[in-house]
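Participant: This is the structure I have questions about; it appears just below.
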């Protein structure tokens, strides 16, 4: 495997010196990876010249460790180095495994834990590695699902770095493909399936989440397909809000043979449906699923609000200071009686 030594794009260099503060997209993505994996701490290491791995951002790590691991020679006997050099997922499930394979970390972390390292494999290079540290009560072996989830999170981080170099026109092509398939009358699952195949031809390293909802106002129903996208919020005519259960397929770009199940939702009068991007709920230091549940509760208590005011209220609830770390798109459908 060719090991690149190019410097990371400016995206990771606009952060403040204190690695604990989530003020960049990379900080927010790392925090989401830590929480989604059930880890207690994590860090993103990026390849720099020499070559060395540089800790670009950290989450939940003690300051002593961030200082000691800020620059690591790529040839060091460490999990993140193995993940990059061998382009593979690395799992260390116990202190005994740590002492046997990575004695340097065993000295620095003399207590029970488990850790994972996954390469940040981009379209044209390996950017570095994701490190996740798990608490002592984690089982010694990672489940296949955990390994897949961690690897997917690492690919999302790599996509973020790729996007810093990728022309905006590529995402425009993806949006155009969705629009073209939808205009041709394809069902939501087929819109995602065809766009997924096209994406593999455009850029095999690009991963995209997407939720497509087809509205049938005559039958008063919505048909929904999702590719790894946050589920919509729903307020039923009774006034109760909740997170809609949607069976999702993988992100676009993960598997060209993937299928995207359909979810059919009735839309009687006074139903409210809210679609949103992950920037609304993925707040560093919090759980995205819990944030979505809180927003659903907000729908219950905001029945008198107009759609415009409701949108403002939802955004303000998760980002009260207005300094969100990712773009937010929010669409509200309010089914009014005739």
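No value in this document is a laboratory result; all are computed from the given coordinates. The shown structure was predicted, so the numbers you read here are calculated from the model rather than taken from an experiment.
Participant: Which entry in (i) 463; (ii) 144; (iii) 174 matches volume of the Cα convex hull per residue in Å³ derived from the coordinates of this structure?
Facilitator: Only one option fits the structure, namely (ii).
Participant: Pick out which of 77, 250, 144 has the largest mean-square fluctuation in a Gaussian network model of the chain, springs linking Cα atoms closer than 10 Å.
Facilitator: Among 77, 250, 144, the largest mean-square fluctuation in the Gaussian network model of the chain belongs to 144.
Participant: Follow-up question, since we're still on this one. Could you state the angle between the C-alpha long axis of helix 169-183 and the longest principal axis of the C-alpha atoms of the chain, as a value from 0 to 90 degrees rounded to the nearest 10?
Facilitator: 30
Participant: Over the stretch 169-334, calculate the relative contact order: mean separation of alpha carbon pairs under 8 Å at least 6 apart, over the residue count, as a percent.
Facilitator: Working: 280 pairs, mean separation 34.9, N = 166.
Averaging sequence separation for qualifying contacts and normalising by length gives 21 percent for the stretch 169-334.
Participant: Cut-off 10 angstrom, C-alpha nodes, Gaussian network model of the chain. Which of 96, 294, 25 fluctuates the most?
Facilitator: 96
Participant: Residue separation times 0.36 nm, minus the C-alpha to C-alpha distance between residue 96 and residue 304: what's the value?
Facilitator: Working: separation 208, 0.36 × 208 = 74.88 nm, distance 5.91 nm.
Length gained between residue 96 and residue 304: 69.0 nm.
Participant: I would also like to ask the following. Once fully extended, how much extra length lies between residue 85 and residue 175, figured as 0.36 nm per residue of separation less the alpha-carbon to alpha-carbon distance?
Facilitator: Between residue 85 and residue 175, full extension yields 28.9 nm more.
Participant: Just want to confirm a number: the relative contact order over the chain, from Cα pairs under 8 angstrom separated by 6+ residues, in percent. Provide the component values of the computation, followed by the final result.
Facilitator: On the way: 638 pairs, mean separation 46.9, N = 338.
Over the chain, the number comes to 14 percent.
Participant: Between helix 188-202 and the chain, what is the angle of the helix's C-alpha long axis to the longest principal axis, kept within 0 to 90° and rounded to the nearest 10?
Facilitator: The helix 188-202 is inclined about 40 degrees to the chain.
Participant: A further question on this structure: How far, in degrees from 0 to 90, does helix 25-37 lean away from the longest principal axis of the Cα atoms of the chain, to the nearest 10?
Facilitator: Roughly 90 degrees between the two axes.
Participant: Under the rule a/c < 1.5 gives rounded, and otherwise a/b versus b/c splits prolate from oblate, where does the stretch 172-240 land using the Cα gyration tensor?
Facilitator: oblate
Participant: Mind running the shape call on the stretch 47-108? Use the C-alpha gyration tensor, a ≥ b ≥ c as the square roots of the eigenvalues: rounded below 1.5 for a/c, prolate if a/b tops b/c, oblate otherwise.
Facilitator: Oblate, because a/c is 1.5 or more while a/b does not exceed b/c.
Participant: Please work out whether the stretch 189-338 counts as rounded, prolate or oblate from its C-alpha gyration tensor, where a ≥ b ≥ c are the square roots of the eigenvalues and a/c under 1.5 means rounded, while otherwise a/b larger than b/c means prolate and anything else oblate?
Facilitator: Values: a/c = 2.34, a/b = 1.29, b/c = 1.82.
Oblate.
Participant: For the chain, modelled as a GNM with alpha-carbon contacts under 10 angstrom, which of 66, 321, 264 fluctuates the most?
Facilitator: 321
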